[in-house]
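The values are calculated or read from the model by the stated rules, or taken from the named source; none is laboratory data. The structure displayed is predicted, hence computed values, not measured ones. Don't worry about glycine lacking a Cβ; one is built from the backbone with ideal geometry, like all the others, and counts go over all protein chains shown.
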Amino acid sequence: MPSLRLLSATIASAARGFAGSKVADKLGPRPARPLELYEFEACPFCRKVREMITWLDLEVVVYPCPKGGKRYRPQVVDRGGKAQFPYLVDPNTNTEMYESDAIIAYLAQQYGTGQLPTSLRLGPATFVSAAISSWLRPAGTFAVDSGLPEQPLVLRGYEGSPASRLVREDLCRRELPYLLQPNAPGSSRPTTAKPQLRDPNTGIEVAGADRISAYLGETYGGH
């Protein structure tokens with residue numbers, strides 16, 4: 001039997017049609033350095049960008065910016081002038097930008113074929129379904145106190161996976177930076193049913209949403 005937490009994450013992901021669950025058949029050039037994304041889990045605009053990241057199989061360093069967060073939200077204001085999310089930084093092209101649609105179009109042109117997945121081409125319906133998904137499970141919206149790792153953690157999972165969603169929520173509310181390595185079907189990385197977390201600060205590797213949640217709480221606090 002799935003836990004209630006996983007069941008609610010599954011319902012929320014289903015509201016978005018499990019978008020972000022496959023990689024495009026054809027990809028563009030690969031970036032030499034990971035992109036950087038300032039965002040928070042329950043934001044529907046951020047969700048759209050994360051879906052595109054999965055679609056293009058891009059490694060991205062995520063800096064979680066939940067409401068009340070003090071680690072990375074001020075950085076976005078310093079860089080761009082306002083606390084608006086998502087905010088993308090591409091060190092490969094010295095590009096920085098707000099606005100989810102602009103970010104998605106940029107990624108499609110720079111690292112794809114210029115085409116968007118169907119789930120991101122539905123106009124207002126795209127936003128409405130993303131907003132409903134966030135409304136059904138708003139976890140990851142508000143910051144809690146936690147320790148800060150010296151190096152970002154490493155997460156393998158993908159946007160459309162409910163179990164990966166649970167891990168992203170835990171990382172977001174704790175403001176724990178992480179390197180996202182998408183591994184949806186069609187990825188260059190092995191696809192696994194369970195999200196996998198590696199912590200280079202401790203050498204620990206953990207698989208499965210519940211085990212990862214327990215590890216993050218024991219290691220970084222923020223229960």
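Conditions tested, residue by residue: (1) exposed (fewer than 13 other Cβ atoms within 10 Å of the Cβ); (2) at pLDDT 95 or above; (3) closer than 30 Å to GLY221 by Cβ; (4) out of contact with any helix residue (DSSP H, G or I) (no Cβ under 7 Å at 6 or more places or on another chain).
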{"position": "MET97", "(1), (2), (3), (4)": "no, yes, no, no"}
{"position": "SER100", "(1), (2), (3), (4)": "no, yes, no, no"}
{"position": "ILE103", "(1), (2), (3), (4)": "no, yes, no, no"}
{"position": "GLN110", "(1), (2), (3), (4)": "no, yes, no, yes"}
{"position": "SER129", "(1), (2), (3), (4)": "no, yes, no, no"}
{"position": "VAL144", "(1), (2), (3), (4)": "no, yes, yes, no"}
{"position": "GLN151", "(1), (2), (3), (4)": "yes, yes, yes, yes"}
{"position": "TYR158", "(1), (2), (3), (4)": "no, yes, yes, no"}
- request: Report, ordered by the first and then the second residue, all pairs with beta carbons closer than 9 Å, sequence separation of six or more or different chains, a first member in the stretch 15-37 that is of a type in the set (Val, Ile, Thr) and assigned to a loop (DSSP other than H, G, I, E, B), and a second member that is modelled with pLDDT under 95 and exposed (fewer than 15 other Cβ atoms within 10 Å of the Cβ).
  value: VAL23/SER188
- prompt: Only one residue in GLY222, GLY123 is farther than 19 Å from ARG47 by Cβ and at pLDDT below 95. Which one?
  reply: GLY222
statement: Pairs returned, first residue in the stretch 115-139 that is of a type in the set (Phe, Trp, Tyr), second residue that is assigned to a helix (DSSP H, G or I), beta-carbon separation under 7 angstrom, 6 or more apart or interchain, are PHE127/PRO44
- prompt: touching a Cys at 6+ places or on another chain (Cβ under 8 Å) and assigned to a helix (DSSP H, G or I), is that true of VAL49?
  reply: no
task: Report, by residue number, each residue of the stretch 195-204 that is out of contact with any helix residue (DSSP H, G or I) (no Cβ under 9 Å at 6 or more places or on another chain) and either surrounded by 13 or more Cβ atoms within 10 Å (Cβ to Cβ) or of a type in the set (A, V, I, L, M, F, W, C) (or both).
output: ARG198, PRO200
Considering residues of the stretch 1-14 that are part of a helix (DSSP H, G or I) and of a type outside the set (Ser, Thr, Tyr) only, the residue surrounded by the most Cβ atoms within 10 Å (Cβ to Cβ): ALA9
field: Residue among ARG121, ARG137 that is basic (Lys, Arg) and within 20 Å of ALA163 (Cα to Cα)
entry: ARG137
statement: Of the residues in the stretch 159-180, those that are of a type in the set (A, V, I, L, M, F, W, C) and farther than 22 Å from ARG73 by Cα come to ALA163
